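Data block below; observations after.
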Amino acid sequence: MPGYGLSAPRALDALTQLAHCVGGVEALQRWGDVTRRLGLHGMDLDVDDLQRVADAFMAQGGAPAVLARGWDVRLRAYRTLTARTTRAGAHR
Amino acid sequence: MTDLAAVRAMAPSPDPRYAPERLTAVARLGLAGTAAREQVEPAVADLLDGLAARTGAETVLVNVLLADTVAVVAARGLDGWIALAGGVPAEWAMCSTTARQAAAYVVDDLAADPAWADTPLVALDGLRTYAGVPLITSEGSVIGTVCALGTAPRTLDKTVIEELALCAGEVLERLEQQAEVPGPTTVAAPGQDGSGAG
């Protein structure tokens with residue numbers, strides 16, 4: 001994104017954070033449980049799907065919910081700045 | 001090795017950002033939900049009003065440090081995209097430095113500081129001054145910060161840090177009290193519990 005340069009949040013980055021917290025095996029298990037329940041497959045998730053994953057983890061509570069709130073803030077920042085950049089471009 | 005195989009091989013990190021005890025403390029204090037600001041801000045409103053008045057800061061914030069973002073849980077004088085987003089990426093936030101060093105951090109002129117001059121909050125949003133202190137739980141976990149921000153450079157003397165530190169202590173106390181109250185009830189700020197009405 002011009003100016004702010006914030007990349008779209010990625011599922012793999014979120015999963016890696018979870019692994020930093022609980023270890024890789026447990027992270028993959030928890031991630032798989034949530035994404036299966038949401039009907040999501042693979043790691044190529046768009047921002048809407050990643051938001052659903054973040055919401056699901058936030059609802060679970062505990063340490064993973066705190067990580068998920070972080071994903072949520074990054075997603076919101078990305079959406080807000082993308083919308084602002086798009087509006088600014090439309091007015092040029 | 002595929003990305004997922006690399007993840008599977010990961011052990012829990014010693015990095016304090018991911019420490020379960022720190023993250024659990026954030027959750028226990030009610031700072032992790034999307035509604036945290038609605039619950040925390042009324043409980044510390046008088047503290048932030050006083051801090052803003054005594055320091056002359058345009059914006060004062062209580063922030064929580066997540067893994068790679070900083071979320072605002074109470075604010076005075078905050079608007080624009082950060083208010084809409086509810087926080088900022090940690091790599092843009094001076095509060096990340098405050099948390100990392102677990103001590104007060106002050107920059108009189110961010111635009112003149114090579115560490116910050118080209119970062120978005122300074123170059124694009126016009127932030128010029130920063131002073132912050134860490135919020136450290138009684139168990140020693142750095143969970144967030146209290147900070148004062150401005151859009152004009154100025155010399156921030158030690159009284160600003162003293163005010164921030166005093167405020168941080170009171171904020172933590174109220175967060176702890178709030179966490180001990182069962183259910184959704186929040187701690188009322190002095191004079192806001194109805195007992196002083198009239």
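The table below gives the values:
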| quantity | calculated |
| --- | --- |
| Average beta-carbon neighbours from other chains, 10 Å sphere, peptide A:74-81 | 6 |
| Per-residue ³J(HN,Hα) for the stretch A:60-71, Karplus 6.51 cos²θ - 1.76 cosθ + 1.60, θ = phi - 60°, Hz, x for Gly and Pro | 7, x, x, 4, x, 5, 5, 4, 5, 4, x, 4 |
| Spacing of the two label points (7 Å from each Cα toward its C-beta) at B:Asp46 and B:Ser13, in nm | 4.0 |
| Net dipole in debye of the protein assembly as shown [+1 Lys, Arg Cβ; -1 Asp, Glu Cβ; about Cα centre; nearest 20] | 660 |
| Nitroxide proxy distance, nm - points 7 Å out along Cα→Cβ at A:Gln29 and B:Asp113 | 4.4 |
| Peptide-level mean, for B:8-16, of C-beta atoms on other protein chains within 10 Å | 5 |
| Options A:Ala11, B:Val7, A:Leu40, ranked by Cα towards positive dipole end of the protein assembly as shown, top entry (Cβ charges) | A:Leu40 |
| Long-range amide H partners of B:Gly144 with built H, under 5 Å | B:Leu65, B:Leu135 |
| Normalised contact order of chain A, rounded percent, pairs of Cα under 8 Å and 6 or more residues apart | 33 |
| Dipole of the stretch B:1-121, positive direction: furthest Cα of B:Leu23, B:Thr119, B:Ala67, with charges on the beta-carbon | B:Leu23 |
| GNM flexibility winner over chain B from B:Pro134, B:Pro16, B:Pro114 (Cα, springs under 10 Å) | B:Pro114 |
| Averaged over B:119-126, number of beta-carbon atoms from partner chains that fall within 10 Å | 2 |
| Whole-Hz ³J(HN,Hα) from phi, Karplus 6.51 cos²θ - 1.76 cosθ + 1.60, for the stretch B:45-53, glycine and proline x | 4, 5, 5, 6, 4, x, 5, 4, 5 |
| Cα shape, the stretch A:7-72, gyration tensor, a/c 1.5 rule | rounded |
| Cα-centre dipole for chain B with unit charges at Cβ (Lys and Arg positive, Asp and Glu negative), debye to 20 | 260 |
| For B:Gly87, residues with placed amide H under 5 Å, excluding near neighbours | B:Val72 |
| Relative contact order of the stretch B:1-86, pairs being alpha-carbon contacts under 8 Å that are 6 or more residues apart, as % | 24 |
| Rounded, prolate or oblate (a/c below 1.5 giving rounded, otherwise prolate when a/b exceeds b/c) for chain B by Cα gyration tensor | oblate |
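Any read-out appearing in this document is the output of simple, stated calculations on the displayed coordinates, not a laboratory observation. Keep in mind that what you see is a predicted model, and the values were worked out from it rather than measured. With ideal geometry, Cβ positions are generated from the backbone for all residues, glycine too; neighbour counts draw on all protein chains shown.
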